[in-house]
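Notes follow the structure.
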Amino acid sequence: MKKFEPRPGFVVQAFRFALDPNVMQEQRLRSHCGAARAAYNWAVCWVMASWWQRKAEGSYGIAEEELTPWRPWSLPALRKVFNEVKKTDPRFAGWWQENSKEAYSTGLANAAAAFDNYATSKRGQREGKRVGMPRRKSKHTARLACRFTTGAIRVEPDRRHVTLPRLGMIRTHESTRKLQRRIANNTARILSATVRFERGRWFVSFQVEIQRATGRAAARLDAAAGVDLGVKCLAVIADSQGAVRFVPNPAHYGSALKQLKRLSRRVSRRRGPDRRTGQRPSRRWLAANTERNRIHHRVANLRADALHKLTTSITGEYGTVVVEDLNVSGMLRNRRLARRVADAGFGEIRRQT
């Protein structure tokens, strides 16, 4: 997929808002995300079928030129074949019209990207860990997400609703004035929207082309700073002029650990779900689990807020920043340090700076 290049003087920025959908809207949101997963699974099976067929034919001694042709995995090719089979395939017949075409396009685009990542990794052209072959997504573990690139995508003038294709107008949990004001002034243009279910709540993220300076100069361009990360002190910042600043570790998870233990005991004492026997959770279990998840969500939000404030203050003050390179994955194998290292978020600090 071709990367979007913003116009001169514009940058691409994301605006994220929490949603408050009603029962019917939440069902349609889940249906769109399920359609994206179904399209992804179809694309993976359709492409992999030719791979396994060629492998079986090769074991029979069939010549290379007589093997079953490779099936393409580019997005245009997948979309063309999917549009031909969706009306007759029993996996989609009878319900595919209930969702926007963007839901299926999301799954096909994710499948095309997964095959591209696998191919480039196998050729040694991709950095990082080795990427394996794409696999089917389970409806029990797959993340709920769907991306819209065409259709009615807008922020309503009342600053309390957003409109998405086939989903209609959905109320937002917070005001959208920071985006709607720029759209009204013709200094922003919405490119796409992505709905996602995270931490017990639905969110919508708008990819926006916005008129803004490409970057902000640091307050001390000639100063350099080195950042040493740790568990007791989250960061020790030493600049080129000899000043040293200590940033204590807020330890958000450690502070909430006592409360989480109490709530986890309450959840374990109630009748939960069991996929092996088909047992459904009780209402008391759902209420207790929701209360426990609320604490987890608050800890994650507090951690993200603290890390953003820390990295913003560092990059806004120093012209050059050097961050300690730690083997975080290796540190997480240490059972005495794993919880504190994960709570600190070393990898996120390095990524943001």
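So which residues in segment 253-275 are farther than 30 Å from Leu229 by Cα and part of a helix (DSSP H, G or I), if there are any at all? The answer is Arg262, Leu263, Ser264, Arg265, Arg266, Val267, Ser268. All of Pro6, Pro69 fail the test of being more than 22 Å from Pro165 (Cβ to Cβ) and loosely packed, with under 14 Cβ neighbours inside 10 Å, apart from Pro69. Filtered by the rule that a residue be of a type in the set (Val, Ile, Thr) and either outside the structural domain of Val299 (by TED's automatic domain parsing) or touching a strand residue (DSSP E or B) at 6+ places or on another chain (Cβ under 7 Å) (or both), segment 244-284 gives Val244, Val247. In the set (1) part of a loop (DSSP other than H, G, I, E, B); (2) within 25 Å of Arg245 (Cα to Cα), His308 fails one condition alone, (1). Scanning segment 148-158 for residues that are buried (at least 17 other Cβ atoms within 10 Å of the Cβ) and either part of a loop (DSSP other than H, G, I, E, B) or in contact with a Lys or Arg (Cβ under 7 Å, 6 or more places away or on another chain) (or both) gives a single hit, Ile153. Of everything in segment 276-305, what is part of a helix (DSSP H, G or I) and over 27 Å from the mean Cα position of the chain (by Cα)? Give them in sequence order. Passing the criteria: Arg283, Arg284, Trp285. Every condition in (1) closer than 27 Å to Ala188 by Cβ; (2) more than 22 Å from the chain's Cα centre (by Cα); (3) assigned to a helix (DSSP H, G or I) is met by Ala109 except one, and the failing one is (2). Picking from residues in segment 8-62 that are in contact with a strand residue (DSSP E or B) (Cβ under 8 Å, 6 or more places away or on another chain) and acidic (Asp, Glu), the one that is farthest from Asn110 (Cα to Cα) is Asp20. For segment 52-73, which positions are part of a helix (DSSP H, G or I) and of a type in the set (A, V, I, L, M)? The one that is part of a helix (DSSP H, G or I) and of a type in the set (A, V, I, L, M): Ala56. When Arg269, Arg275, Arg294 are screened for being loosely packed, with under 14 Cβ neighbours inside 10 Å and free of Cβ contacts under 8 Å to residues at least 24 places away in the same chain, only Arg269 passes. Among the residues of segment 330-353, which ones are free of Cβ contacts under 8 Å to residues at least 60 places away in the same chain and among the acidic types (Asp, Glu)? Result: Glu348, single match.
So that you can scan it fast, the table gives a plain yes or no per residue for (1) among the basic types (Lys, Arg); (2) in contact (Cβ under 8 Å) with a residue 12 or more places away in the chain; (3) more than 21 Å from Ala103 (Cβ to Cβ):
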residue: Pro134; (1), (2), (3): no, yes, no
residue: Lys139; (1), (2), (3): yes, yes, no
residue: Leu144; (1), (2), (3): no, yes, no
residue: Arg154; (1), (2), (3): yes, yes, no
residue: Arg160; (1), (2), (3): yes, yes, yes
residue: Leu164; (1), (2), (3): no, yes, no
residue: Met169; (1), (2), (3): no, yes, no
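Taking segment 298-353 as the range and being exposed (fewer than 15 other Cβ atoms within 10 Å of the Cβ) and in contact with a Gly (Cβ under 6 Å, 6 or more places away or on another chain) as the test, only Val322 passes. Considering Ala39, Ala49, Ala18, Ala77, the condition of being in a helix (DSSP H, G or I) and closer than 26 Å to Arg196 by Cα is satisfied by Ala39 alone.
The values are calculated or read from the model by the stated rules, or taken from the named source; none is laboratory data. As the structure is a prediction and not an experimental result, all values here were calculated from the model. Virtual Cβ from ideal backbone geometry, glycine too; neighbours counted across all protein chains shown.
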